[in-house]
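Colleague: Would you mind keeping the following structure in view while I ask a few things?
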Amino acid sequence: MPVEQLDEMRLTPTDDAAIAALLGRAFGTADFKGRSYFQNRHHLRLVWREKGQIIGHVALSLRAIRMGDRLIQAAGVAEVATDPDHRGRGIASTLMEAAIAAAKGSLADVLILFGDEPLYARLGFQSKPNRTLTVSMHDVQTGVQENRQDDGLMVMTLRDIEWDDTALIDLVGFAF
């Protein structure tokens, strides 16, 4: 089944509701509260649809971040989800491969996610020890600035850039 790319600005109310329903089934409704995103909207959605139903999803966002004093472009991966009834079929792997290809075709120097699934390491993401500077968000409300060590930071370099494991990573906003 081909992967569909849905630009956020062109997301239909029907697809928005279908993604929200999928995220609720995949992660539980408490976190997403009926939304098609966790804390903020994205730029691009990659979906897997069968018989008219969205059963797989990955979101991508592009933003400038700081690695120490250096400004770089980062694509962030969020909300990797497969309907529980369809897991084990390679849907998440296929969507992640499409996300990597989309990021490589963008301005992004790096692809970033927060997670610890073995799938990410198999696809080439590396765990990084960096501290991150973010703005916390809770229930789609801006919180406080957080400077923290996050064991789930994973990075894939896309361009000829050397990742600095010691630099503070300022995500210039919330975590993807």
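Colleague: Under the condition of being charged (D, E, K, R) and touching a helix residue (DSSP H, G or I) at 6+ places or on another chain (Cβ under 9 Å), which residue from segment 107-155 is nearest to residue 97 (Cα to Cα)?
Modeller: At the first step, the residues of segment 107-155 found to be charged (D, E, K, R) are 109, 116-117, 122, 128, 131, 139, 146, 148, 150-151.
Subset that is touching a helix residue (DSSP H, G or I) at 6+ places or on another chain (Cβ under 9 Å): 117, 122.
Values: 117: 15, 122: 11 Å.
So, considering only residues that are charged (D, E, K, R) and touching a helix residue (DSSP H, G or I) at 6+ places or on another chain (Cβ under 9 Å), the one nearest to residue 97 (Cα to Cα) is 122.
Colleague: Here is a follow-up. Can you find even one residue in segment 95-109 that is assigned to a strand (DSSP E or B) and open to solvent by 30 Å² or more (accessible area, probe 1.4 Å)?
Modeller: no
Colleague: Quick check on residue 144: is it open to solvent by 40 Å² or more (accessible area, probe 1.4 Å), of a type in the set (A, V, I, L, M, F, W, C), without any contact (Cβ under 8 Å) to a residue 24 or more places away in the chain and not in a helix (DSSP H, G or I)?
Modeller: Spelling it out, residue 144 is indeed open to solvent by 40 Å² or more (accessible area, probe 1.4 Å), of a type in the set (A, V, I, L, M, F, W, C), without any contact (Cβ under 8 Å) to a residue 24 or more places away in the chain and not in a helix (DSSP H, G or I).
Colleague: To continue, here is another question. Quickly run through segment 6-30 and pick out the residues that are surrounded by fewer than 12 Cβ atoms within 10 Å (Cβ to Cβ) and either part of a loop (DSSP other than H, G, I, E, B) or not small (Gly, Ala, Ser) (or both).
Modeller: 7, 9, 10, 12, 13, 14, 28
Colleague: Name the single residue, out of those in segment 58-93 being open to solvent by 50 Å² or more (accessible area, probe 1.4 Å) and not in a strand (DSSP E or B), that is nearest to residue 32 (Cα to Cα).
Modeller: Going residue by residue through segment 58-93, those that are open to solvent by 50 Å² or more (accessible area, probe 1.4 Å) are 62, 66, 69-71, 73, 84-85, 87-89.
Retained after the next criterion (residues that are not in a strand (DSSP E or B)): 69, 84-85, 87-89.
Values: 69: 34, 84: 16, 85: 19, 87: 20, 88: 23, 89: 25 Å.
Among them, the one singled out is 84.
Colleague: Which residues, counting only those in segment 147-163, are over 24 Å from residue 35 (Cα atoms) and either open to solvent by less than 70 Å² (accessible area, probe 1.4 Å) or in contact (Cβ under 8 Å) with a residue 40 or more places away in the chain (or both)?
Modeller: Across segment 147-163, the qualifying residues are 150, 153, 154, 155, 156, 157, 158, 159, 161, 163.
Colleague: Got a number for residues in segment 164-176 being within 20 Å of the chain's Cα centre (by Cα) and open to solvent by less than 60 Å² (accessible area, probe 1.4 Å)?
Modeller: 7
The values are calculated or read from the model by the stated rules, or taken from the named source; none is laboratory data. Everything numeric here is computed off the predicted structure, so don't read it as measured data. As a convention, Cβ positions derive from the backbone with ideal geometry for all residues, glycine included, and neighbour counts pool all protein chains shown. Please note that ligands, DNA and RNA were not included when accessible areas were found on the heavy atoms of the full protein model with its side chains. Shrake-Rupley method; radii C 1.70, N 1.55, O 1.52, S 1.80 Å.
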